[in-house]
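Everything below concerns the one structure shown next.
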Amino acid sequence: MNLPNDFKVLVIGAGPSGLVTLKTLRQFGIEAVCVDRGERLGGNWDIDAPHSSVYQSTHLISSKGMTQFADFPMPEDYPQYPSHHQVLAYLNCYADRFELDQYIHKKNTVNRVAKADDGWIVTTTPSDGLSEAVERYHAVVVANGHHAVPMMPNLAGNFAGELIHAHDYKHHQQLEGKRVLVVGAGNSGCDIAVEAAIHAGAAGISMRRGYHFFPKFIRGKPADVVGDRLRRWPLPRSMKKLITQLAVDWTIGRPQRYGLPRPDHQLFETHPIINSQLPYYAGHGKLAVYPDIRQLDAYDVIFVDGQRATFDTIVCATGYQLTFPFIAPELLNMVDGVPKLYLHAFHPTDDTLFVAGMIQPNSGQWPLTDLQAQIIARFLKASQAGSPAADAFRKRKQTPHSPATSHDHYLPTVRHRLEVDYFDYRRTLEKIVRQLDTGSPES
């Protein structure tokens, strides 16, 4: 691939993934601009944006040390788990530090990304909807996130009360005085269930299966920092898992001791649930625990074990759809609704199309997206220079599978379609960065 002198890249989305990609491309001397449909940058972390899934009590579930960008640490006075307000302020400071705002075209919706002989034709519409712009780019990086379009469950029967998705939950006042059922035991579902236990008239959670719960702190240290250090020890993986299980048992204990269902899987076979408060409130009788739902009947919910309970509000914390409405599925190499890309980021055959941030790691995502962006920039520059390392990576990304994105040790659910192990995935990306830096495919 020979890059023209006027080579220009479009980054779609000005959330964390889009910002770090824009910054990295420009640092490598690549002309890059960004478009975002929002009035402000920050993506999902802008709680006032209509597409945001953030609620008032949202904090990071990965610690700041494992989440911050390497070249722009979070302020020292930030807590270990910053609030969404602090996260948004950090992202704005990041954009200011690297002078990104001038390259971000806000309030612009991408309608269509079409393949052309010399790159891509991109059609956008400003928020006023009065005009349409068509631009040509030589490469496109999709960084539109995957927490904007709710996935509602298919529940039998009809509910006479309020039925909402967690996307529409913003503050605990929505729960006060009501009988609330939260459906789903992911991290958001558990957070909202805890708020219901505190503020609602009565609270319950419907869990399809039992899960392992992890604390945010282990003896005052962020649990993910402790886990990252453990992963560096030269021990067999089975021994590391045993040590982790002992630490979880020591700090929280087995979930069934709190009246929660016993997990039907081993540790690390599902995305980690970082919440020590839900077992606390379940153990105090402030949060009723139910199995899966069989049917809705007016204000009643009938569960698969025959229990029947009455609720005013049901909050479905059942995940989000993976959507790319502006580009044809075949261009993204879609398979069963998921782009089939090397490391969830690099197109197997198209050297000018990338996706940044389409991963769900078991710790902080942004450092991994930073490494993705570094590879994108290095690959484009190496391709321009005709480097053997670019040819090697081009061949490598045609491989359909990588151990770093293997799902073999996760439960086969939709929830884990983008799951990656932070440590393994980071190590793989770092190796590719070194190879592109040295110009050698074997480094």
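Quick notes on this one:
- Residue count for the range 27-45 satisfying the condition of being more than 24 Å from the chain's Cα centre (by Cα) and either assigned to a helix (DSSP H, G or I) or without any contact (Cβ under 8 Å) to a residue 40 or more places away in the chain (or both): 2.
- Selection from the range 323-342 of residues that are at pLDDT below 95 and of a type in the set (Gly, Ala, Ser): Gly337
- Residue count, the range 264-291 (criterion: in contact with a Phe, Trp or Tyr (Cβ under 7 Å, 6 or more places away or on another chain), more than 12 Å from Cys190 (Cβ to Cβ) and at pLDDT 95 or above): 3
- Complete set of residues in the range 292-307 that are more than 16 Å from Ala185 (Cβ to Cβ), in contact (Cβ under 8 Å) with a residue 24 or more places away in the chain and of a type in the set (Asp, Glu): Asp297
- Number of positions in the range 71-123 that are in a loop (DSSP other than H, G, I, E, B) and of a type in the set (Phe, Trp, Tyr): 3
- Residue check: Gln86 meets all listed conditions (1) surrounded by 15 or more Cβ atoms within 10 Å (Cβ to Cβ); (2) closer than 22 Å to Gln374 by Cα; (3) without any contact (Cβ under 8 Å) to a residue 60 or more places away in the chain but one, namely (2).
- Entry remark, the range 380-436: residues being aromatic (Phe, Trp, Tyr) and touching an Asp or Glu at 6+ places or on another chain (Cβ under 9 Å) number 3 in total.
- Tally, over the range 311-338, of residues that are surrounded by 12 or more Cβ atoms within 10 Å (Cβ to Cβ), acidic (Asp, Glu) and not assigned by TED's automatic domain parsing to the domain that holds Ile273: 0
- Residue list for the range 176-198, filter: over 20 Å from Asn275 (Cα atoms) and touching a His at 6+ places or on another chain (Cβ under 7 Å): Glu176
- Selection of the range 205-259 for residues being aromatic (Phe, Trp, Tyr) and assigned to a loop (DSSP other than H, G, I, E, B) yields Tyr211, Trp233.
- Residues in the range 394-443 that are over 18 Å from Leu341 (Cα atoms) and in a loop (DSSP other than H, G, I, E, B): 10 in all.
- Taking (1) surrounded by fewer than 22 Cβ atoms within 10 Å (Cβ to Cβ); (2) assigned to a loop (DSSP other than H, G, I, E, B) in turn, Met66 satisfies each apart from (2).
- Some residue of the range 175-192 being surrounded by fewer than 18 Cβ atoms within 10 Å (Cβ to Cβ), in contact with a helix residue (DSSP H, G or I) (Cβ under 8 Å, 6 or more places away or on another chain) and of a type in the set (D, E, K, R): yes
- Within the range 188-238, the set of residues being modelled with pLDDT of 95 or more and among the polar types (S, T, N, Q) comprises Ser188, Ser206.
- Across the range 124-135, the qualifying residues are those that are in contact (Cβ under 8 Å) with a residue 40 or more places away in the chain and assigned to a strand (DSSP E or B), and the one among them that is surrounded by the most Cβ atoms within 10 Å (Cβ to Cβ) is Thr124.
The values are calculated or read from the model by the stated rules, or taken from the named source; none is laboratory data. As the structure is a computational prediction, the values presented were derived from the model and not from experiment. Cβ atoms come from the backbone with ideal geometry, glycine included; neighbour counts cover every protein chain shown.
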